[in-house]
């Protein structure tokens with residue numbers, strides 16, 4: 001980002017905050033309404049706009065926090081990397097809007113299946129979703145992954161007058177004492193790569 005662009009962004013943010021202060025001072029909005037507005041903006045800034053899941057920045061922050069907590073408390077921590085199978089083929093055959101519809105549906109499925117408030121699901125990359133499962137051993141994470149894949153297999157997405165199905169591959173890895181956040185994610189990535197190599201639409205566990 002150039003200094004000129006950065007300066008314009010800072011000036012815009014400054015003017016926005018001044019306007020908010022004026023609104024509170026004039027009684028146009030209450031301090032409570034301003035606090036809610038700021039909290040909503042902060043939450044929205046952590047979301048991926050397409051899937052409705054957290055974005056990569058929010059995930060990276062949570063990853064460091066959760067790994068440190070698992071180390072300190074000596075509790076299990078599992079991660080699932082969910083990679084949509086053949087998104088390029090969907091885009092090439094049905095168009096990029098169809099690919100977006102599939103990603104939107106995948107986000108909905110993950111929000112339905114990953115139900116605990118402590119679990120963290122985020123769009124990690126283009127077609128890859130990362131799911132952190134605190135206080136969860138690998139057998140519990142695998143059971144959740146199986147439920148997730150079963151739901152995906154049963155789902156059809158409306159594309160105009162046509163309905164299309166899709167699948168995903170899942171890599172599973174567990175935290176071990178002394179493991180870095182990068183190592184945990186790297187192990188899950190290796191597992192999902194093996195799932196792709198072994199035919200897709202399946203779960204592979206690292207190790």
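The table that follows gives values for the structure above.
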item: Residue order, fewest to most surrounding Cβ atoms within 10 angstrom, among 65, 175; result: 65, 175
item: Distance in nm between pseudo-label sites at residue 183 and residue 56 (7 Å out along the Cβ direction from Cα); result: 2.4
item: Principal axis dimensions, segment 56-205 - Cα atoms, whole angstrom, descending; result: 53, 30, 25
item: Extension gain, residue 156 back to residue 193 (0.36 nm per residue minus Cα-Cα distance, nm); result: 10.8 nm
item: Per-peptide average of other Cβ atoms within 10 Å, ordering 148-161, 193-206, 69-82 highest first; result: 69-82, 193-206, 148-161
item: Exposure proxy order (Cβ contacts within 10 Å, fewest to most) of 136, 51; result: 51, 136
item: Sequence of 83, 92 once ranked by neighbouring C-beta atoms within 10 Å, starting from the fewest; result: 92, 83
item: Shape parameters for segment 146-207, alpha-carbon atoms, Rg then Dmax in Å; result: 14.9, 52
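No value in this document is a laboratory result; all are computed from the given coordinates. A quick note: this is a predicted structure, and the numbers were derived from the prediction, not measured. When we count neighbours, we look across all protein chains shown, and the Cβ atoms used for this are built from the backbone with ideal geometry, even at glycine.
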